Amino acid sequence: MNRISSALDLARNFRRHRAVAHPNTARFAYHWMKGSVELPYGPVKMHIEPTSLCNLRCVMCPQSLDAIGDDFGYMDLSLFEKIVEQAEGHVREVNLFFRGESLLHKRIFDMIRICADAGIVSNISTNATMLTEDYSEQLIKAGLGKMTISFDAGEPEMYEKMRQGAKFKRTLRNVLQFLHEKRRSGLSNPYVVMQVIQLWGKGSTGLIPEIPPDFIRRFDGLPVDEWDSLWAHGWAGTMGNDGDEYSARPIGPHYFPCNWLWKSMAVYWDGTVPACCADFSNEQIVGDLNDNSLMEVWNGKGMQAIREAQISGDLSGYKLCASCDAIWQDPGSSWKLFSVLRSITTRSPLPSLVRQKRAKPVIET
């Protein structure tokens, strides 16, 4: 997330984030606040997409709107090895997921091993519908660093409404089976996050949504390292608008440059590079790792141009950025702290932009 409060999460859940708690993190923060467009370091984190295919159509995911179109495929292992080879020494953590369900890729265990051999922590986010006993054992043995299990709502009826195509009891069985396997292994990794997404609706507040206590009790005594409860978000304005199954959480009125462009890189299954992991439909492509190196794309014209747009606040040429939840903040203490620090670093204030309507595709000043 783009919020300053995520820095507090780094401290509270150090084991989860220790891969990116590194001197390069301070460099990224400095150059983000300074507004550098050409960076003297590589991405600290990456999303590399093993596959864009998914076996579910969740109401809070752009997959349910067919946002991907016909862009479905599996990353070739040789391309993956090439990317990791170039990432070594720069990237601290790789999210082996993006638009699809990673366990659909038959070489996912090899991808995890390749990351481990390069000293890069691998992370998978899964809907757990394919998390069989055999897969559980292989994921642990391969050296997976983190596992985020998306098990929403905590109530069977709401879960099956949100995760269309999944069955609560079957997924619960898979997750319990995985956790028992991790306990039997005696290993501390993967770090397990149980992520519970709730749909924003009438009566919802800005507080973190509550997870049903009965649901949490199902996992008593099992190695769940963290519970992560959050509201469904808008995927850069593509979800949660009129006609969708839900309303995304409202966003704040004040502009806040996105830090993603200074710390992370996303890669589709075919090697093309979108500006960020909110781009499900190839709208803002900044490079191709088949034709250029990781660092050439990272500091290429496409990335420099979008960083410059974020600095100036002129996002008229970047529809996804202009509609994204990540860059609009409530005027709380976190936003004020960032504003002060940035003013000290750059000797100039933030662009004085005020958001009027969530769905508006272009920012007005």
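For region 203-290, the list of GluC sites (Glu not before Pro) that fall in a loop by DSSP and count at most 10 other C-beta atoms within 10 angstrom reads E210. I'd like the carbon and sulfur percentage of the solvent accessible area for region 206-319, probe radius 1.4 Å, heavy atoms only, ligands and nucleic acids excluded. Within region 206-319, the accessible surface is 49 percent carbon and sulfur. For the chain, calculate the relative contact order in percent as a whole number, restricting contacts to Cα pairs under 8 Å that are 6 or more residues apart. Reported relative contact order: 20 percent. For region 175-250, a/c is not less than 1.5, where a ≥ b ≥ c are the root eigenvalues of the C-alpha gyration tensor, and a/b tops b/c. That puts it in the prolate class. On the basis of the beta-carbon distance and an R0 of 30 Å, S293 and L187 show a calculated FRET efficiency of 0.30. Set against the labelled values [x] 0.96; [y] 2.26; [z] 1.20, Cα Rg over 2.2 N^0.38 Å computed from this structure falls on [x]. Take every pair of alpha-carbon atoms less than 8 Å apart whose residues are at least six positions apart; their mean separation over the length of region 15-117 yields a relative contact order of 39 percent. Among the cysteines of the chain, C54, C115, C258, C276, C277, C321, C324 have no other cysteine beta carbon within less than 4.7 Å of their own. Which of K45/K82; K161/K182; K146/K182; K106/K141; K141/K169; K34/K263 have a Cα-Cα distance over 19 Å? In this structure, K161/K182; K141/K169 lie more than 19 Å apart at Cα. For D270 and D66, the FRET efficiency from 1/(1 + (r/R0)^6), where r spans their Cβ atoms and R0 equals 22 Å, is about 0.75. Expressed to the nearest 5 percent, the antiparallel share of DSSP beta bridges inside the chain is 20 percent. Considering only trypsin sites (Lys or Arg not before Pro) in DSSP loops that have at most 11 other Cβ atoms within 10 Å, the longest stretch of the chain without any of them is 203-346.
Extension gain, M158-E226: 0.36 nm per intervening residue step, less the Cα-Cα distance, totals 22.3 nm. At full extension, D330 and D134 could sit 66.0 nm farther apart than now, given 0.36 nm per residue minus the alpha carbon distance. By the helix-only formula, in which each DSSP H run with n ≥ 4 contributes -39500 (n - 2.57) and the sum is divided by residues, the chain has a 222 nm mean residue ellipticity of -9500 deg cm²/dmol. Beta bridges per DSSP, both residues in region 23-163: antiparallel share near 10 percent. When +1 charges are put on Lys and Arg Cβ atoms and -1 charges on Asp and Glu Cβ atoms, the dipole computed for the chain relative to its Cα centre reaches about 1140 debye.
The values are calculated or read from the model by the stated rules, or taken from the named source; none is laboratory data. This one's a predicted model, so the numbers in the text were calculated from it and none came from an experiment. In this analysis, Cβ positions are derived from the backbone assuming ideal geometry, glycine residues included, and neighbour counts consider all displayed protein chains. These accessible areas exclude ligands, DNA and RNA; they are computed on the full protein's heavy atoms, side chains included. Shrake-Rupley method; radii C 1.70, N 1.55, O 1.52, S 1.80 Å.
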